[in-house]
Structure formats: C-alpha cells, structure tokens
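The structure under discussion appears below in the form of structure tokens.
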Amino acid sequence: MERIETTILRNLIFDEEYSRKVIPFIQSDYFENKTERIIFEEAVQFIVKYDSAITVEALNIEIENRTDLTETEIKEARETTKTFDDAPVDNQWLLDSTEKWCRDRAIYLALMESIALADGQDDKKGRDAIPSILSDALAVSFDNHVGHDYLEDYEERFESYHKKESRIQFDLEYFNKITKGGLPNKTLNIALAGTGVGKSLFMCHHASSVLLDGKNVLYITLEMAEEKIAERIDANLLNVNIQNITELPKPMFESKVNNISKKTQGTLIIKEYPTASAHSGHFKSLLNELALKKSFTPDIIFIDYLNICASSRYRTNNNVNSYSYIKAIAEELRGLAVEANVPIVSATQTTRSGYGSSDVDLTDTSESFGLPATADLMFALISTEELEALNQIMVKQLKNRYNDPTIFKRFVVGVDRAKMRLYDCEQQAQEDILDNKKDEDYNVEEKTPKKSFAEFKF
C-alpha cells in the first residue's frame, strides 16, 4: 500500500489543480523523510517560479543541480521519483486525506516543540506559548477561498445585501436599535466603565438573555470565580435577590433551575482562568476541548474582562508599553471572534472611577487608545448618584461600525442591582437626557437638559 506522503508528492506532479489547492497549506517539515522533503521543496519552487506543475524529468534535473546534496541523497531522490505514475485517484478523498495528514503532522510537531519549551530549550519562547502552539496545530485546515472578485462575484455580493445577517439580539430596545438588531458574528464589542458601575452586570445580564433565547453561551471570567458569576446569573434568571439565594431551600432552587432549562435549548458554560494568565490561545484550546468533550459550540463568547487577559505575543514580564499590550490583546480577541465565527463581548476599565463621572469619551479608555481602534462597538456605562437614585445607567456610544453612532448617542437603561438585571426604561427617561436626534442637531445653548441631569456634559 502506497504511503500518503508518496501519494501527495506524486499528485503534486501529475495533478496541477490539486497542487495549487494544497501547496499553500503543506510545510516542508511535515515530511519526516529527507528525500521526500527535497522532492517537495523542488516541486514547490518550480511551481512558484514557472506557474506550472513540474515534470518528473525537470524534477530530477533540479535535484541533480543542487550543490547541498550528497550523491547518495540525489540517487535516493531519483529512485523515489521512478515510482511516480499518473494513477487516477478520487480528488475529494485525496484532498481530505492530505488535510488530515497535514493536521496530524502539525500536531505532532507542535507536541515536540511544546516538550522542548517545557524543558526550557528555547530562549525566545516560554512555556506560556504552548497552548497557542497546540491550538494553531489543531486548527490546521484547508481554506481555498482566495478572496472576493469584485467584478465577477457581483451576484454573490447582491445576494448578501438582501440576506438577513445572523445576529445575537439584546433584550434591551435601544441596544438593538444602535446595533440594527443585535451583534453580528466575527465582531469585538466592548463596554467601558469604572469600577463598580456594571461591566460584569451588563455581561451577566446579556449572557442570561442570550441563553433564554436558546443560544449557546461561553462566559470566560478572569476576575471572579465561576461560582460568583453563576450566582449573578442565578439572581437574574431565577428572579431572586442575590443576597437571598443562599436562603433558598434546595427543592425550590432545583425547581427554579429546572424551569429555566425547560425554557431554553441553549447551554451556558462558565470557565474561570487566573487573572492575567490566559490569552486567545488558551481560549482556542478551550473551544476545541468543549467541542470534543461536550459537543458544545458557542453562539457568543463573553470575556470578563479584556484588560486582565494575557497576550500570546508578549510575555507579561516583558518591558512592553501598555498601548501595545492592550492593543495586542484586543486584536487577538477579535481574531478569535473571526475564527470562531461568533461575537465576543468584553469590557475595559475607564481611567476614572466611574461613579461621579458625568461623562466618558474615548480618551478615558484605560491604558490603551489602541483598544477602541480595534473594537467594532464600544460604549460607556456611566453612573452618578442621581442616576443611581433613579435605578438607571446611562449608555454613551463611543464607536459603532453597525450604525451611525450619533443616532441615540446617549440613552438610559434601568438597573436592578439586587437581581443583576437591566431593563428598558420608559420613553420619558430617554427624553429627559437628550432628544432622540443626532448630536449635531442638539444645541446645548438652545436646549436645556432636565434639572435632574443638569450635571451631564453633552
């Protein structure tokens, strides 16, 4: 029986269509046998240089012209190419088998590299790079899409304009308005707030509503324990004051949870990592593990929160500036959103305390202005004593790729901190802060905000 390596090399020569599809994904070090590696390298170089598949004759000539090979190596290469013939093979089987072989070899090499890193044999990479290395190997797959041809692919483009995009909806009216119906896949969405204002509350509430909508939710926490996040979601979904959850008898608690399970087809997974210890590579590995062990694929991912993630590009002890570090984290998370084909929701700290600040803008982004440059949607959660007295949080759009950010620039949502819930406010509450027009149509000198919001800056 012919070895898969021989089959791959043979078809690189005799099947030009196959070679063009697979060459971008095959690495020379996938071939353990040096002779086979030599043949592959020469075949690829010829195709790249001459834009044509190489013949056996040309292959032998190129190998013989190499000055870095011994006579024995050249002879072994010639003997190998003698066995090549143009035997037909099922194209789809060949592609699938090649893809599997590439993935298997990538995983093997990644394991070997990981062992070396674990032994401290690499001066440039540390052990924290191991999850990313393994995750990249597991993700090896053939992607033959080379891009959108503007002139030729107009029909596909036209259809996309009229196709309803899949979005993860909010249960809050104004959030759906500013996002045109919810969060699209492959996006990074960031809440900016001060300590104690409601970053985690917002994410826990949104996670709860998405679960009730029948979607799969992955909640990654780096700040609080899994049990604490679950407690907040319990308060939200079970409609129980968070302070009273521990007082619920077990039969009642069990009954309430069972009622929730009957209302949804979705699953919620909460995963805790130590602060500043996990990066996108760890999250990719988690997704692979959840898919294998639980057959779980998330529809949305929450990461609580961005600033205390690690970066796979930089070691935490490196002297890298905060701008580069936080921007790297944001870019890696957005890359994860694209790869996993889901929206990611996270948060960041404001440079201010949050409470007592009457306004927030992009300059208040903690540590890095590169973060809003990467995010698709970014909004501030603002709380003051007056808002707290009204059980409200103000939302201010900072960046929006889904809609005009000047429409509903600011709005309020109700907050029930005891039950970890957000809710829609009456229309009068929106009118109390700002006319529902674009900001440029709002003249501070001509219009006076309501007295209760006199301290707000617009």
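The values are calculated or read from the model by the stated rules, or taken from the named source; none is laboratory data. This structure is a prediction, so every number in the text was calculated from the model and none was measured. We place every Cβ from the backbone using ideal geometry, glycine too, and count neighbours over all the protein chains shown.
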Here's a check for you: in region 281-295, which residue that is buried (at least 16 other Cβ atoms within 10 Å of the Cβ) and closer than 25 Å to residue 205 by Cβ is nearest to the chain's Cα centre (by Cα)? 283
If you take the residues of region 175-214 that are under 17 Å from the mean Cα position of the chain (by Cα), crowded, with 20+ Cβ neighbours inside 10 Å and not hydroxyl-bearing (Ser, Thr, Tyr), which of them is farthest from residue 383 (Cα to Cα)? 184
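Can you find even one residue in region 203-217 that is touching a Cys at 6+ places or on another chain (Cβ under 9 Å) and within 20 Å of residue 414 (Cβ to Cβ)?
no
Tell me yes or no: at least one residue of region 244-266 is in contact with a Ser or Thr (Cβ under 7 Å, 6 or more places away or on another chain) and surrounded by 12 or more Cβ atoms within 10 Å (Cβ to Cβ). Can you show your working first?
First, the residues of region 244-266 that are in contact with a Ser or Thr (Cβ under 7 Å, 6 or more places away or on another chain): none.
Checked against the condition, which is being in contact with a Ser or Thr (Cβ under 7 Å, 6 or more places away or on another chain) and surrounded by 12 or more Cβ atoms within 10 Å (Cβ to Cβ), region 244-266 yields no hits at all.
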Has region 18-33 got at least one residue that is more than 24 Å from residue 136 (Cβ to Cβ) and loosely packed, with under 13 Cβ neighbours inside 10 Å? no
Residues of region 296-318 being surrounded by 14 or more Cβ atoms within 10 Å (Cβ to Cβ) and of a type in the set (S, T, N, Q), in sequence order, are 297, 307, 311, 312
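Could you list all residues from region 128-184 that are closer than 20 Å to residue 288 by Cα and either assigned to a loop (DSSP other than H, G, I, E, B) or free of Cβ contacts under 8 Å to residues at least 24 places away in the same chain (or both)?
Result: 130, 139, 140, 141, 142, 143.
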Could you give me the residue pairs with C-beta distances under 7 Å whose first residue belongs to region 424-440 and is at pLDDT 60 or above, whose second residue is surrounded by fewer than 14 Cβ atoms within 10 Å (Cβ to Cβ) and outside any helix (DSSP H, G or I) wherever it lies, and which are 6+ apart or on separate chains? 432/450
Taking the criterion of being modelled with pLDDT under 90 and closer than 30 Å to residue 421 by Cα, would at least one residue in region 166-188 satisfy it? yes
Of 45, 92, 121, which residue is part of a loop (DSSP other than H, G, I, E, B) and surrounded by fewer than 14 Cβ atoms within 10 Å (Cβ to Cβ)? 121
For region 215-236, give me the residue count where each residue is crowded, with 17+ Cβ neighbours inside 10 Å, part of a helix (DSSP H, G or I), of a type outside the set (Gly, Ala, Ser) and in contact with a strand residue (DSSP E or B) (Cβ under 9 Å, 6 or more places away or on another chain). 3
Say we look at region 326-354 and pick out the residues that are at pLDDT below 65 and buried (at least 16 other Cβ atoms within 10 Å of the Cβ); which of these is nearest to residue 300 (Cα to Cα)? 354
Read through the list (1) at pLDDT 90 or above; (2) part of a helix (DSSP H, G or I), then give the number of the only condition that residue 301 fails. (2)
Only one of 7, 72 is modelled with pLDDT of 85 or more, surrounded by 14 or more Cβ atoms within 10 Å (Cβ to Cβ) and not small (Gly, Ala, Ser). Can you tell me which? 7
